[in-house]
Amino acid sequence: MTEGMIVISSWAVASAVLAYFTLVVSCVVVVLSENRNPIRSLAWVIALLALPVAGVVFYLFFGRSLKGKHMISRHNKRKLLHLVASRSVELDSLDLSPDACQLVKLAHSLTHAPLTVNNSVEIFIDGTHKFRSLIRDLEEARETIYVQYYIFSDDSLGRQISDLLIRKASEGVAVKVIYDHVGSFSSSNKFFRRMQRGGVDTHPFFRVTFPQLANRINWRNHRKIVVIDNRIAYIGGMNIADRYVKGMKDGSEWRDTHFRLQGDIVQSLIFSFAVDWYFLKSPDMSLRLKVPRNPLRNDCAMQLVTSGPVDSWHNLAKCFLKAISMAKKSIYIQTPYFLPTDTLLNALEAAALAKVDVRIMIPSRSDSKLLQLATYSYVTRCLKAGIKVYRYRPGMLHAKAMTIDHTFCTAGSTNFDFRSFENNFEANLLIYDAEVNARMRDIFFADLKQCDKLKYSQWKSRPLPQRMLESLIRLFAPIL
């Protein structure tokens, strides 16, 4: 190699190093200037500085913010609210505590979520009964079917559902499907094209392709919503995949929670689906939004709260915080992944230290070893504060539910973790009803009989290598 070539090579290396250093510094400046959660910002700064190249790549793909973006225009949103959303019930007409009334007002301020009554709720805790009911309702559909799932698998259950949707489309039913592109990566394009050719209007949410890869891969639509003839709706934690019916590959069960709804709350689910649909199809206004008369008359009060990375506030995180702070006697949480924000963890600890009965149920066998280790890193602190932690033995606990005292509960698609609170598009029901609360409490305590309760003395003495690995992964919990 000649002396000139050596000089050019050295100059090229120096320029590349300088460019990379400038890029890292620029990313760090952006992270700090966004004034995010300090813990989350620190996690990104550590990743950028400690992981050469990989840290920058991870930040470009997973670290940027969508705050301030709009799913649809304010004009179209107001139009939808006028067409679909039911009028909020006067709080004075219901027997709600002052704390519950404040939570209702908070949810409305964050998302314009109306408080509805005249509702009925059927609770499913396994995929067999949920999908049996869903298929029966789909069979009886006469006008519209709106389907939205994070995962729509090309397996036996997925093919059964897709065949049914194609058949209903051939009968003249307007069938619309939204699936998350990343969540449904394992399903072939051929599977979705077949539905499209069969008359099912099918679209992926945030299709991840070059050059938009880095802009889209981190923002996932985790909602699971079905609306049939604008009068029956489903929402919860179950996706369309065989494991929700047949269990995990090792033969263990998949435990989940899902709701079948009728009543005024269905209008709120139509609105949520419509916002996502118009985001994908804007300015297409092809949805049929006429809501049939609701024959139900009762005081079963509930709100639908949606949340996503485009929101100015972390809507569901704030609602969870308010709900936890109003607890007087008990807080029962079921979640597959427990990676709470510092604020929510402090709220749970404060409740337990104030002698509120706080219980958290997590899976003994998880579908993600990494997230399980991250979850374990929070357990010691919980146990020390007097929070009771249980591991569900029979299989994967995928339920996402929280029951507080005797009159409030919430369930939906939201995990108790950073990703659900900050990065995913989620949807949860807030239910202010003693009867539904009692049913959810009964389910929790039935599951409790199949759990192992963790003891502080035993937990803190687990092997040092495991504790060190948990602590290491904990550093990156805000960005998992």
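Values in this text are rule-based calculations from the coordinates and carry no lab data. For clarity, every value in this text was computed on a predicted model and none was experimentally measured. Here the Cβ positions follow ideal geometry from the backbone for every residue, glycine too, while neighbour counts run over all protein chains shown.
The table below gives the values:
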{"quantity": "Relative contact order [Cα under 8 Å, 6+ residues apart], region 361-409, whole percent", "calculated": "51"}
{"quantity": "Rg and Dmax [Cα atoms of region 98-176; Å; Rg one decimal, Dmax integer]", "calculated": "17.2, 51"}
{"quantity": "Gain in span if fully extended, Arg441 to Asp367, counting 0.36 nm per residue against the direct Cα distance", "calculated": "24.1 nm"}
{"quantity": "Residues with amide H under 5 Å from that of Phe425, placed H, sequence gap 5 or more", "calculated": "Arg220, Asn221, His222"}
{"quantity": "Region 224-236 - phi-based ³J(HN,Hα) in whole Hz, Karplus 6.51/-1.76/1.60, Gly and Pro as x", "calculated": "10, 9, 10, 10, 10, 6, 6, 9, 10, 9, 10, 7, x"}
{"quantity": "At q = 0.28 Å⁻¹, base-10 log of I(q)/I(0) for region 405-480 (Debye sum, equal scatterers on each alpha carbon)", "calculated": "-1.13"}
{"quantity": "For region 290-350, convex hull volume per residue from C-alpha positions, Å³", "calculated": "173"}
{"quantity": "Per-residue HN-Hα couplings for region 350-362 [Karplus 6.51, -1.76, 1.60; θ = phi - 60°; Hz; x = Gly/Pro]", "calculated": "4, 5, 5, 5, 8, 6, 6, 6, 9, 10, 10, 10, 10"}
{"quantity": "Rounded, prolate or oblate (a/c below 1.5 giving rounded, otherwise prolate when a/b exceeds b/c) for region 193-341 by Cα gyration tensor", "calculated": "rounded"}
{"quantity": "In sequence order, calculated HN-Hα J values of region 241-257 (Karplus, 6.51, -1.76, 1.60; Hz; x Gly/Pro)", "calculated": "6, 4, 4, 6, 10, 8, x, 7, 4, 7, x, 6, 7, 10, 9, 9, 10"}
{"quantity": "Long-range amide H partners of Thr202 with built H, under 5 Å", "calculated": "Val177"}
{"quantity": "Difference of contour (0.36 nm per residue) and Cα-Cα distance, Lys190 to Leu472", "calculated": "97.4 nm"}
{"quantity": "Cleavage-rule hits, GluC sites (Glu not before Pro), region 375-480, DSSP coil, Cβ neighbours within 10 Å at most 10", "calculated": "none"}
{"quantity": "Mean Cβ neighbour count within 10 Å, used as a protection proxy, ranking 135-144, 453-462, 221-230 highest first", "calculated": "221-230, 135-144, 453-462"}
